[in-house]
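Participant: My questions will all concern the structure given below.
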Amino acid sequence: MIASMSMDFDQTAADRALHELGQMVIADGEFAGKDWQGITLVIQVEPRKRMFGYRYKSDGKWEGATPEGRPTILKARELADAMRLPGKDGWKTCLIQISRAGPNIKVDFEYDDPNRWDVTPANLDQRVEELRPR
């Protein structure tokens, strides 16, 4: 369930979209039946649409991995629309972290800086570890 300070958005639609998004990710061929202990995705819906992510394996190593782009980004857009408060800007980027144990999903939303979780060659190793699901 999405926790919010204000319940002025469609909580039911947001919870449903988040649940469906999580299911889509773990059922995607990039992750289903593969070795992973954690999945991280960064999905930006504004000002442009993009996504990147990582699969964290049981041996502690990681590799770049993302589910099929268009359906995942469209579901994230549905989540953003469901969470938008009347008269306010919605979130621009979300960080999704899934742990196999549970499974457990954690989602953070960024309303101001769409590049908050960007990974560059200069910060690659540090950022990939920061984004690892705990």
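The values are calculated or read from the model by the stated rules, or taken from the named source; none is laboratory data. As the structure is a computational prediction, the values presented were derived from the model and not from experiment. Ideal geometry is used to build each Cβ from the backbone, glycine not excepted, and the neighbour counts take in all protein chains shown. Accessible surface areas use protein heavy atoms only, side chains included; no ligands, DNA or RNA. Shrake-Rupley method; radii C 1.70, N 1.55, O 1.52, S 1.80 Å.
Participant: Before rounding to the nearest 500, sum -39500 (n - 2.57) across all DSSP H runs of length at least 4 in the chain and divide by the residue total; then give [θ] at 222 nm in deg cm²/dmol.
Facilitator: After summing the helix terms and dividing by the residues of the chain, the value is -9000 deg cm²/dmol.
Participant: Return the sequence-ordered ³J(HN,Hα) values of region 69-79 in whole Hz as given by the Karplus equation 6.51 cos²θ - 1.76 cosθ + 1.60 applied to θ = phi - 60°, using x for Gly and Pro.
Facilitator: x, 4, x, 5, 5, 5, 5, 5, 5, 4, 4
Participant: Which value, in debye to the nearest 20, describes the size of the charge dipole of the chain about its Cα centre when Lys and Arg Cβ atoms bear +1, Asp and Glu Cβ atoms bear -1, and nothing else is charged?
Facilitator: The calculated dipole for the chain is roughly 220 debye.
Participant: Would you tally the net charge around Arg134, using a Cβ to Cβ cut-off of less than 14 Å, leaving Arg134 out, and scoring K and R as +1, D and E as -1?
Facilitator: Overall, the nearby charge balance is 0.
Participant: Work out the charge dipole of the chain with +1 on the Cβ of Lys and Arg and -1 on the Cβ of Asp and Glu about the Cα centre, then indicate which of Gly60, Asn104, Val45 is farthest towards its positive end.
Facilitator: It is Gly60.
Participant: Please give the length that would be gained between Leu85 and Ala122 if that part of the chain were fully extended, namely 0.36 nm times their separation in residues minus their C-alpha to C-alpha distance (nm, one decimal).
Facilitator: That pair, Leu85 and Ala122, stretches by 9.7 nm at full extension.
Participant: Here is a further query. Can you send over the carbon and sulfur percentage of the accessible area for the chain, probe radius 1.4 Å, protein chains only?
Facilitator: That share works out to 50 percent.
Participant: If you don't mind, there's one more thing I want to ask. Taking 7 Å along the Cα-to-C-beta vector as the label spot, tell me the Glu46-Asp15 distance in nanometres, rounded to one decimal.
Facilitator: In this crude spin-label approximation the distance works out to 2.5 nm.
Participant: Using DSSP to define loop residues, name the GluC sites (Glu not before Pro) in region 1-102 whose beta-carbon has at most 14 other beta-carbon atoms within 10 Å.
Facilitator: Glu68
Participant: In addition: Using only the C-alpha atoms of region 27-88, find the volume of their convex hull and express it per residue in Å³.
Facilitator: 94 Å³
Participant: Within a Cβ distance under 15 Å of Ile43, other residues only, what is the Lys/Arg minus Asp/Glu net charge?
Facilitator: Working: positive: Arg48, Lys49, Arg50, Arg70, Lys75, Arg77, Lys92, Lys106, Arg116; negative: Glu20, Asp28, Glu30, Glu46, Glu68, Glu78, Asp81, Asp108, Glu110, Asp113, Asp118.
Every neighbour counted, the sum reads -2.
Participant: Also, I was wondering about something else. For Cα extents along the principal axes in Å, pick the label among (i) 49, 28, 25; (ii) 46, 32, 26; (iii) 45, 31, 20 that corresponds to the value derived from the coordinates.
Facilitator: (ii)
Participant: Once phi is turned into θ = phi - 60°, what whole-Hz ³J(HN,Hα) does the Karplus curve with 6.51, -1.76 and 1.60 give for every residue of region 48-60, x standing for Gly and Pro?
Facilitator: For region 48-60, the Karplus-derived couplings read 10, 9, 7, 8, 8, x, 9, 10, 9, 8, 5, 8, x Hz, x marking Gly and Pro.
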